[in-house]
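The structure appears right after this line, and notes come after that.
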Amino acid sequence: MKNKKLSILIAAGLIIMAGAARIINHELHLYNFAPLCALGLFSGAIIKDRKVALLLPVLAQLMGDLYFALFTQWQGFYGIEQACVYAGLLVVTLIGSGMGQPKALKVLGYTLGGSVVFFLLSNFGVFLA
């Protein structure tokens, strides 16, 4: 029971930190410089419960989008390209779940592969729009 509470606290902390990093970087005009794909890759590789692993990066992204929609002049929710961003986060998390035992070269390969997949999916959303 104690271990489950600790896991929930760690997950909540990761969501808040990644969402806050997205908000702070956007306020500093460092667009798309938040560690959300890294959170997805990490949660996919480390968390055994796939539903929880998929939920972490999506909640962090949603936290930032809600903040932008409610408290800033920027759009928080903006169309079909946003669905591709969320899909990219989910795919990167699924890629991370196949990593197995993390070793330096393997982590590098998965990081580069996840970044390329996210880039392609998010830019495909812009193409669709």
Fill in: Whole-percent carbon and sulfur share, accessible surface of region 33-129, 1.4 Å
74
Practice prompt. Might you tell me the accessible area per residue for the chain, computed with a 1.4 Å probe and given in Å²?
Written response: 63
Fill in: Size of charge dipole - the chain - debye, nearest 20, with Cβ of Lys, Arg +1 and Asp, Glu -1, no other charges
680
Worksheet, complete the sentence: Projected onto the charge dipole of the chain (unit charges on the beta-carbon of Lys, Arg, Asp and Glu, signs +1, +1, -1, -1), the Cα from L6, A18, F124 with the largest positive-side position is that of L6
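Counting only pairs 8 or more places apart or on different chains, how many lysine pairs in the chain have C-alpha atoms closer than 19 Å?
7
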Worksheet item: If you average the sequence gap of Cα pairs under 8 Å that are 6 or more apart and divide by the length of the chain, what percent do you get for the contact order?
Response: 27
Response to the item:
Between the residues G109, F33, M63, the Cα farthest towards the positive end of the dipole of the chain, that dipole coming from +1 and -1 charges on the beta-carbon of Lys, Arg, Asp and Glu, is from G109
Fill in: Kyte-Doolittle mean at least -0.5, axial Cα span of 24 Å or more - DSSP H helices of the chain
2-27, 50-71, 80-97, 104-128
Response to the item:
Taking max minus min of the Cα coordinates of the chain on each principal axis, largest first, gives extents in Å of 41, 33, 24
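The values are calculated or read from the model by the stated rules, or taken from the named source; none is laboratory data. Treat the numbers as computed from the prediction; the structure is a model and nothing was measured. Cβ coordinates were reconstructed from backbone atoms using ideal geometry, including for glycine residues, and neighbour counts include every protein chain displayed. Keep in mind that these areas ignore ligands, DNA and RNA; they rest on the heavy atoms of the full protein, side chains included. Shrake-Rupley method; radii C 1.70, N 1.55, O 1.52, S 1.80 Å.
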